[in-house]
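First up is the structure itself, then whatever we jot down about it.
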């Protein structure tokens, strides 16, 4: 049952992620991005990480909303003409090289899985993934990375403000 | 297994049926209350005192011609009403509307009166509510109409701005209750304390978090696009805002989403600040419904009384007044918790 749900969610996530990049219109790309994020959120539920699940929904729903607004405000609302041009030799070569790398990586992952027999799902302790557990870990074991991340986010925010405000008075 | 499944199904059907009925009758109550405030009669023709008016309206909307303008982004245009109404209804899944019941001894085991109680209930409601913006923005964008687009953009700017203060306003409650589960939050409000040793006051969080409640309710008005924050659908400026191009049942879905959202934010306010289902005597759902109705009445009262904000006023009020106040409330609540 778990495998079925996981496969479904993974397929949806991968398919929607592909559709994000093949869309011609940025709004549709953003829409498929939401579907991808939603499917990932579903996988978090499977992992019993409820707090991470809902944070994923809140953060990404909000973030993609901003992408939407950018698209609507900055780009033309009409459908853009097809920008497709036949690929040159350099593009084909790069694509081939990257797909070989990806295939090798996939092969290695599968091989590793074959060597190590599956040990079944690791059992989780009671209270795993609850707000209390996550909060306690964030403010004890992972306090330093947590604070560093906040500072980095703050720096990014200040930078965005400076860039957006052309004339500082 | 089968028994829990049946209990769950019955609860879902009852809650969502009741919610749909409440949404329909909110329109009747709103028209009646506003009519009374303006010294009119309101709907009187369909049924006694117009009681069947919502049903007549619903039937009429269903049989109206469903127009789809030729210039719209078709897929998104069709999707937007559902994107708007589904989050509005889903959020109710975690709201506890009563203690436990045996239905007057009919059931062997007491059944808890909420659909589900998840560990992150408060965050769930906020997360789902933030998804509701997509319906409005996409409707505005896909309609390919200046008024719709302006309405959609206004709405998203408003929702994003006020969501910040709304989230911060409940942090005080979370600190006091020590949980994100809505059932736990209600249970934390049980009991009384004595004010000056003589006046009994319930331990509802509105008494220890008055500022938090005020901020929450103001933001709730803005989040549901209600007067005096109803700029996304300001008729005098934008025709009808984001739903200008919609007709028939699709228009009705936006309308229902707005009322369902009103009921949800009122239910959440009741749960977090007014002690939820808690009351001195009598069945608990009655207390819950009474409190929710009181808040809904406030919504209507404000609409009948207050003029609309100007857009710049709305933005500066949200960011320069409400947000600092909400932050102050967080700091104050944290200090209070440290002291106690």
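Values in this text are rule-based calculations from the coordinates and carry no lab data. Please read these numbers as outputs of a predicted model, since none were measured by experiment. Backbone-built Cβ (ideal geometry, glycine too); neighbour counts: all protein chains shown.
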Helix B:121-142 axis, angle to chain B major axis (alpha carbon atoms, nearest 10°): 10
Protection-proxy order for peptides B:316-328, B:169-181, each taking the mean of Cβ atoms within 10 Å per residue, highest first: B:169-181, B:316-328
Tail fraction, Cα-Cα pairs, the protein assembly as shown, threshold 31 Å, whole percent: 54
For the stretch B:255-300: Kirkwood Rh in Å [reciprocal of mean 1/r, alpha carbons]: 10.7
Two-decimal ratio, the stretch A:127-169, of alpha-carbon radius of gyration to 2.2 N^0.38 Å: 1.76
GNM result for chain B, Cα springs below 10 Å: residue of B:210, B:283, B:200 fluctuating most strongly: B:200
Neighbouring partner chain Cβ atoms per residue of A:129-140, average, 10 Å criterion: 2
0 to 90° range, to nearest 10: angle between helix B:323-339 axis and chain B longest Cα axis: 10
Cα-based convex hull, chain B, per residue volume (Å³, whole number): 171
Sites residue B:316 and residue A:17, calculated FRET efficiency, Cβ-Cβ separation with R0 60 Å, nearest 0.05: 0.90
Whole-angstrom gap from the stretch B:154-189 to the stretch A:133-164, using each part's C-alpha centre: 21
Packing rank of B:249-257, A:129-137, where each peptide gets the mean count of other beta carbons within 10 Å, highest leading: B:249-257, A:129-137
0 to 90° range, to nearest 10: angle between helix B:210-223 axis and chain B longest Cα axis: 20
12 Å reach of a label modelled at residue B:332, 7 Å along Cα-to-Cβ, counting backbone N of the stretch B:159-197: B:172
For the stretch A:1-77: Kirkwood Rh in Å [reciprocal of mean 1/r, alpha carbons]: 13.1
CD proxy at 222 nm, helix term only [per DSSP H run n ≥ 4: -39500 (n - 2.57); per residue of the protein assembly as shown; nearest 500]: -22500 deg cm²/dmol
Averaged over A:35-42, number of beta-carbon atoms from partner chains that fall within 10 Å: 0
FRET E, pair residue B:67, residue B:35, Förster distance 30 Å, beta-carbon r, rounded to 0.05: 0.50
Exercise: per-residue mean of other protein chain Cβ atoms within 10 Å, A:53-60: 5
